Amino acid sequence: MAVKVVNADKGSAAEREGLAGTTLLSIDGNEINDMLDYEFYSSGPKLELALVRDAKLEYLTIEKQEYEPLGCGFESYLIDKKHSCRNKCIFCFIDQLPKGLRDTLYFKDDDERLSFLFGNYITLTNLNDHEVERIKKMRISPINISVHTVEPELRVRMMANKHSGEVLRYIDEFAQAGIEMNCQLVMCRGINDGEHLRKSLEKLGGLYPAVRSIAAVPTGLTRYREGLFPLVPYDKETACEVLDILEEYGDRFKKEHGVRIIYPGDEWFLLAERPIPPDEYYDDYAQLENGVGMWRTLHDDFLAALPGQKSPLLMRKIDIATGELAYPLIKFLADTLHGMYPKIRVTVHKIKNNFFGGNVSVTGLVTGTDLIAQLKGKLSSRTLGIPEVMLREERDKFLDDVTVKQLEKELGVRVRILPQGGEDLVKALMK
């Protein structure tokens with residue numbers, strides 16, 4: 001595949017050799033198809049490039065430090081297009097979005113390169129044998145895999161893809177090749193829980209240490225499910241049943257391997273009305289980027305950062321909006337902060353997700369529409385703190401395309417975007 005080099009990083013080997021504007025054909029005889037190929041084959045100290053410059057084929061030798069970036073820039077980060085999902089999962093959240101949101105929200109990626117580069121989860125259904133062999137050769141690790149069930153027929157049913165069962169063999173191949181995996185089970189009530197869950201934990205836990213962690217999370221259901229597979233949200237009783245199985249296997253793995261391997265999502269403990277486990281429960285927090293253990297880290301890091309802060313001389317007030325699930329924790333942290341530093345008063349507002357409805361209660365899915373509707377006339381200060389997880393990466397818009405500026409205008413306040421980490425949150429509220 002011929003790849004157009006559109007620019008070169010300043011001070012890089014690519015800039016020194018004038019590679020901007022050329023077409024890269026191969027590195028050391030290896031064809032470059034995407035960013036993984038480029039990063040892997042350009043890592044050495046001496047490279048033989050085949051390229052086209054000014055319509056002429058050219059061979060170029062480049063010397064640099066080993067692992068020093070070559071410095072080529074391409075039209076897109078991945079070089080080629082993202083791989084879209086081929087499944088029609090019965091629990092897919094994107095299928096439950098209302099119409100009229102920005103186009104990017106409706107794109108379903110299922111790309112092994114994004115799994116390695118950004119931690120995205122993949123279902124394996126986009127992989128072929130060639131790509132599996134490339135993963136082994138390049139030692140791409142860890143890979144994050146959405147498994148859901150290890151039973152082929154049940155996986156086909158859940159994902160509505162006739163190939164989704166047969167590709168489970170790739171998990172064994174990766175394990176045999178020493179590729180680390182983080183696995184995810186999205187639990188659907190009455191579908192892949194109970195004895196099905198036990199089979200998944202037996203199989204995946206038996207592949208430790210290749211399977212280094214397993215997260216189990218309840219499926220999120222919005223009110224936009226007309227025509228979709230009928231799913232029922234978990235309640236206290238059924239959440240306790242799932243959590244009992246997860247705890248049973250976690251305790252067993254802890255005795256056998258020294259780590260739990262299986263880590264329930266925070267929602268299970270809240271649904272079951274059980275205490276969030278202590279820090280040591282989560283071992284090295286292998287599933288933290290998947291949201292598992294965030295309650296505990298925020299709680300502990302916030303409280304650890306409180307002592308020794310410089311108390312303000314003047315009274316400071318701020319309102320904070322959060323989702324229903326996180327409200328008890330954020331309210332506790334705000335009250336604790338006020339108890340130690342009485343001149344800081346934080347009013348926490350619990351926002352019900354009317355926009356998505358259903359059982360959606362996480363802070364990251366709160367919309368600007370609900371914030372405006374539920375906070376207008378109810379704020380106790382002129383500053384509103386918004387957790388950064390409510391906003392897209394550019395930190396300017398909510399999921400419903402309401403902008404931060406619109407929110408400020410509608411509520412007559414100044415919006416402050418608050419960080420996720422406990423220590424950073426303390427510092428932000430103390431300012």
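The values are calculated or read from the model by the stated rules, or taken from the named source; none is laboratory data. All values derive from a computational prediction rather than experimental measurement. Methodologically, a virtual Cβ is constructed for each residue, glycine included, from the backbone with ideal geometry; neighbour enumeration extends over all protein chains shown. SASA here: full protein model, heavy atoms, side chains in, ligands and nucleic acids out. Shrake-Rupley method; radii C 1.70, N 1.55, O 1.52, S 1.80 Å.
Observations
- Annotation note: of ILE179, ILE145, ILE140, the sole residue that is open to solvent by less than 50 Å² (accessible area, probe 1.4 Å) and out of contact with any Leu (no Cβ under 8 Å at 6 or more places or on another chain) is ILE179.
- Residue satisfying all of: in the range 81-109; touching a Leu at 6+ places or on another chain (Cβ under 9 Å) and free of Cβ contacts under 8 Å to residues at least 24 places away in the same chain; nearest to LEU228 (Cα to Cα) among these: CYS92
- Of the helices (runs of 4 or more DSSP H) lying entirely inside the range 92-163, the ones with 1 or more residues being modelled with pLDDT under 85 are found at 112-118.
- Residue in the range 345-365 that is in a strand (DSSP E or B), without any contact (Cβ under 8 Å) to a residue 60 or more places away in the chain, under 29 Å from TYR224 (Cβ atoms) and of a type in the set (Lys, Arg) present: yes
- Of the residues making up the range 405-427, those that are open to solvent by less than 80 Å² (accessible area, probe 1.4 Å), in a helix (DSSP H, G or I) and closer than 17 Å to PHE332 by Cα are GLY422, LEU425, VAL426.
- Among the residues making up the range 75-91, a single one is open to solvent by less than 20 Å² (accessible area, probe 1.4 Å) and either modelled with pLDDT under 80 or of a type in the set (Lys, Arg) (or both): LEU78.
- Residue in the range 200-212 that is farther than 20 Å from GLY119 by Cα, in contact with a helix residue (DSSP H, G or I) (Cβ under 7 Å, 6 or more places away or on another chain) and outside any helix (DSSP H, G or I) present: yes
- Filter result for LEU375 (in contact with a Lys or Arg (Cβ under 7 Å, 6 or more places away or on another chain), at pLDDT 95 or above and not charged (D, E, K, R)): no
- Residue count for the range 311-336, restricted to those that are touching a strand residue (DSSP E or B) at 6+ places or on another chain (Cβ under 6 Å) and under 16 Å from GLY422 (Cβ atoms): 4.
- Among the residues of the range 37-66, those that are open to solvent by 80 Å² or more (accessible area, probe 1.4 Å), in a strand (DSSP E or B) and either out of contact with any strand residue (DSSP E or B) (no Cβ under 9 Å at 6 or more places or on another chain) or of a type outside the set (Ser, Thr, Tyr) (or both) comprise LYS46, GLU48, LYS56, LEU57, GLU63.
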